[in-house]
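Here's the structure, in structure tokens; my notes come after.
The values are calculated or read from the model by the stated rules, or taken from the named source; none is laboratory data. Everything quoted here is computed from the prediction, not taken from an experiment. Using ideal geometry, Cβ is built from the backbone for each residue, glycine included, and neighbour counts are taken over all protein chains shown. Note: areas computed on protein heavy atoms with side chains; ligands, DNA, RNA excluded. Shrake-Rupley method; radii C 1.70, N 1.55, O 1.52, S 1.80 Å.
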Amino acid sequence: MKIIAAMSGGVDSAVAAARAVEAGHEVIGVHLALSSNPQKYRSGARGCCTIEDSHDARRAADVIGIPFYIWDMADEFHEGVVENFMSEYAAGRTPNPCLRCNEKIKFAAVLDRAKAMGFDGVVTGHYARTEETNEGRTLHRAIDPLKDQSYVLAVLNREQINGAIFPLGDTEKVDIRIEAEKRGLAVAQKPDSHDICFVPSGDNAGWLRDRLGSEVGPIVDQDGTKIGEHKGAYTYTIGQRKGLGLSVAAPDGSPRFVLKIEPVTNTVVVGAREDLAVSSMRGERPIFCGPVVGAAPERGFVQVRAHGAALDCTYYLDGEHLVAELDEPLLGLATGQAMVIYDGDRVVGSATICETA
Amino acid sequence: MSVYLDHAATTPMCDVAIDAMSAALSKLGNPSSLHTQGRAARKDVEDAREKIARAVHCQPSEVIFTGSGTEANNAAIKGLYWNSPKKVIVVSSIEHHAVLDPALWLVEHEGAELIQIPVTGDGVIDLDFLRALVAARSAEIALISVMHSNNETGVIQPIAEVVKIAGDIPVHSDAVQSFSKVPLSYQDLGLYSMTISGHKVGGPLGIGALILRRAVEIPALLHGGGQERDIRSGTLNAPSIVALAAAIEAQSYDAAAIEKLRIQFEEGVLRVRPDAVVNGKNAPRLPGISNITFPGTQSDSLLLLMDSEKVSCSTGAACTAGVHRPSHVLMAMGLTDVVSQSSLRFSFGATNTQADVDFALSVLPTVIERGLAANAVGKK
């Protein structure tokens, strides 16, 4: 096949591209320029969009022996990921921009462009596996549980999965680095990137405050009694305990946690730990990369964070909503996060959490 | 087969230059040394200088060897500015970054005022604008710099008129693309300074020259051993200098034949894509450069697709991150940023043949179709 290798400049995408070449594909390396004003140098383990990273990607492509180009996706990224990140926070939800980037950029804008140009698919360095089954291609967890990225790929629909190749899902990260070393790739020991690539400081709250302003509002308890003030409701997350700055102690002296963020009234609601408990969740815009889920309840697992636990649940489709009922309650779950349903290691589908109870 | 149509970026070294360079590489001697080997190396360099001087119509002492055309342009723009108490720098709006950026640097760091000469829709500088500017502010202008021909469109600029209008104001011209391709006489043009480069004319990379009037002293960018009239210190790069002279003397560039290929190519493009636009088509142009807009496409997609089909061409401008950017040259000609990002440069050189033109034209229809599809997806 003729495929585009999305190369970030990191070790994973470099090895993925090399493996795709070895599998006999005709591979062309592409680095996505996602910032219209990129920084020159990488700082620590953050970000993946500096000029230094694009040079690393180019060098890897040259060593692998494939053509290399840079695609400017800065506008698409800003519109589809960065603006969404801000508006979601402003609406009191907690979005996952990596998921959004996979959905809107890597496996939409890039895949569509690649197909229009005569390519068959996109290869990336994500840790996930696909399997060919009677019901088509299915998405599965990687064998390395620490690196598994099936959660952030669960937003892909069937067509997108069919256009995707993930060559790293069967290998542990430590072995990928060894393989990169053997292949002569200079990025073999490059640190993994963490956090959000467009917030290079790592200070999400500060980044949001700079862009959304910091309007002071009340912190209230569950009775609605004001017990403090905050500087911008969107800088808080559900389940947050530290940094509330409350001087009034709870009657029983126990710590208080953020229970709810109400953007319209700019209010942060706090309460006791047990009030964080969630036993069911409801998600909108469900996406199924394998067989579509029906109204009949089925048993499986739900995961609500990128490296969170797989929680036993019963799931079903209720109209346009995907519902998961947990066997054991979960503490602290924000709307805006993705709920991903698994059947064993197979990704069933995902939805954006809009309601918890 | 693979077809190289990016000779304006760099063109293959000609055989005589490779031979001359190989021979020079095995010779020992620093041209600045006083002993036998040094004198032998010096003789080779001075022989080369005389050959180059004959070719550009200047005196041998007016040739100052540099490490690149960019260095020569920097030396000229900064040197002529620092040499003058005046603060205004006038350049054309379509200069190469090797002229534009030192001028902008002088604005930012040295208090210069930069005035850019607009161009017509065909990419020729507006002489009336320059006339009016010089009439109004000649006492303030430190230098004027207009390229001899543009690297993206190949459009040739009226340098003789610029010099006439300038009067006593020093005029520099970046002649990197024109040198060895169209008639070019430093002396007849009456220029103050001029830039040429080795790798655009069949010579090696890493050698250029600033042609600068005899007895004009400009501040050096590189200080050291005092070579090259104390304007460009650094051990003379004898093998590259010798090879550059050999390339110039060999005259491997057959302008008429190359122009014929370019015209055939443009006609062929317009046959398969009647909506294509040849930029600068009504102006005098270099024999080998063709800049073509393909409406509804994005040039970076087109370049990838052409490259996949083994045809090498250029998108023109890219920023430091390697991201394709709208060309300031095409924008100065009145194209919008979207249209200017739908353009490719094809540049023909001494090694191209009829078969190259035929091959490039044979892959073009599919490439443009796919480029249109890719762009349509992006707009979705």
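A few comments on the model shown:
- Amide hydrogen proximity for B:VAL155: with H placed 1.01 Å from N in the peptide plane, the residues at 5 or more positions away or on another chain lying under 5 Å are B:ASN150, B:LEU286.
- Heavy-atom accessible area ranking, 1.4 Å probe, most first, across A:CYS101, A:CYS197: A:CYS197, A:CYS101
- Computed [θ] at 222 nm, deg cm²/dmol, chain B (DSSP H ≥ 4; -39,500 (n - 2.57); rounded to nearest 500): -13000 deg cm²/dmol
- List of region A:92-130 residues, accessible area with partners at least 10 Å² below that of the chain alone (1.4 Å probe): A:ASP112, A:ARG113, A:ALA116, A:MET117, A:GLY118, A:PHE119
- Pairs from B:LYS51/B:LYS87; A:LYS190/B:LYS310; B:LYS200/B:LYS310 whose Cα-Cα separation, in the structure shown, is over 26 Å: B:LYS51/B:LYS87; A:LYS190/B:LYS310
- Between the alpha-carbon centres of region B:267-286 and region B:36-92 there is a gap of 36 Å.
- 1.4 Å probe accessible area per residue over region B:2-151, in Å²: 43 Å²
- Separation of region A:122-198 from region B:113-192 is 56 Å, based on Cα centroids.
- 15 Å Cα-Cα reach of A:LYS2 towards aspartates and glutamates, excluding residues that sit fewer than 8 places from it in its own chain: A:GLU22, A:GLU26, A:ASP112, A:ASP120, B:ASP307, B:GLU309
- Region B:127-193: proportion of alpha-carbon pairs further apart than 13 angstrom, %: 62 percent
- Whether region A:1-138 is rounded, prolate or oblate, judged on the alpha carbon gyration tensor where a/c under 1.5 counts as rounded: oblate
- Among the protein heavy atoms of chain A, carbon and sulfur supply 48% of the accessible surface, probe 1.4 Å, non-protein parts ignored.
- Per residue accessible area in Å² of region A:185-343, where ligands, DNA and RNA are left out and the probe is 1.4 Å: 50 Å²
- Positive contributions from Lys and Arg (+1) and negative ones from Asp and Glu (-1), summed over other residues with Cβ under 14 Å from the Cβ of B:LEU34, come out at +3.
- On the principal axes of its alpha-carbon atoms, chain A has extents of 67, 50, 35 Å, going from largest to smallest.
- Prolate/oblate/rounded label for the protein assembly as shown (Cα gyration tensor, a/c 1.5): prolate
- GNM remark for chain B: springs join alpha carbons under 10 Å apart, and the peak mean-square fluctuation among B:SER193, B:SER290, B:SER252 falls on B:SER252.
- Take every Cα pair under 8 Å whose residues are at least 6 apart in sequence, average their separation, divide by the length of chain A, and the relative contact order is 16 percent.
- Charge sum, other residues only, whose C-beta stays under 12 Å from B:ASN73's C-beta, Lys/Arg counted +1 and Asp/Glu -1: -3
- Relative contact order, whole percent, for region B:263-380 stands at 34, derived from Cα pairs under 8 Å and 6 or more residues apart.
- Among beta bridges that DSSP assigns inside chain B, antiparallel share in %, nearest 5: 55 percent
- Using just its DSSP H runs of length 4 or more, each adding -39500 (n - 2.57), chain A gives a mean residue ellipticity at 222 nm of -6000 deg cm²/dmol after division by all residues.
- Assuming charge only on the beta carbon of Lys and Arg (+1) and of Asp and Glu (-1), the dipole of the protein assembly as shown about its Cα centre is about 1540 debye to the nearest 20.
- Considering only alpha-carbon pairs that sit under 8 angstrom and 6 or more positions apart, the relative contact order computed for region A:72-188 is 23 percent.
- Rounded to the nearest 100, the interface formed by chains B and A buries 1500 square angstrom of accessible surface, both chains summed, with a 1.4 Å probe.
- Charge dipole (debye, nearest 20) of chain B; +1 at Cβ of Lys and Arg, -1 at Cβ of Asp and Glu: 200 debye
- Pairwise Cα distances in chain B exceed 38 Å in 21 percent of cases.
- Region B:299-380, accessible surface, carbon-and-sulfur percent (1.4 angstrom probe): 58 percent
- Residue with peak Gaussian network fluctuation, chain B [Cα springs, cutoff 10 Å], from B:THR36, B:THR70, B:THR11: B:THR36
- Chain A: most fluctuating residue of A:GLY232, A:GLY206, A:GLY308 per GNM, C-alpha cutoff 10 Å: A:GLY308
- Nearby lysines by direct alpha-carbon distance to A:LYS104 (threshold 16 angstrom, same-chain neighbours under 8 apart not counted): A:LYS115, B:LYS379, B:LYS380
- Along chain A, the longest continuous region that contains none of the trypsin sites (Lys or Arg not before Pro) in a DSSP loop with at most 11 other C-beta atoms within 10 Å is A:41-241.
- Cβ-placed point charges (K, R +1; D, E -1), dipole of region B:71-204 about Cα centre in debye, nearest 20: 240 debye
- Charge dipole (region A:116-194, unit charges on Cβ, about Cα centre) - positive-most of A:SER150, A:HIS194, A:ASN134: A:HIS194
- In a DSSP loop and with at most 10 other Cβ atoms within 10 Å, the GluC sites (Glu not before Pro) in region A:49-146 are A:GLU135.
- What a 1.4 Å probe finds exposed on region B:1-72 is 58% carbon and sulfur by accessible area, rounded to a whole percent.
- Sparsely packed loop sites in region B:196-259 (the trypsin sites (Lys or Arg not before Pro) outside DSSP H, G, I, E and B with at most 11 other Cβ atoms within 10 Å) comprise B:ARG214.
- Cross-link reach list, lysines versus A:LYS242, counting only Cα pairs under 22 Å and skipping chain neighbours closer than eight places: A:LYS226, A:LYS231, A:LYS260
- Here's the picture: charge each Lys and Arg Cβ at +1 and each Asp and Glu Cβ at -1 in region A:251-355, and of A:VAL292, A:ALA306, A:SER350 the one pushed furthest to the positive end of that dipole is A:ALA306.
- Among B:ILE231, B:SER252, B:VAL269 - extreme Cα towards positive end, dipole of region B:217-283, charges at beta-carbon: B:VAL269
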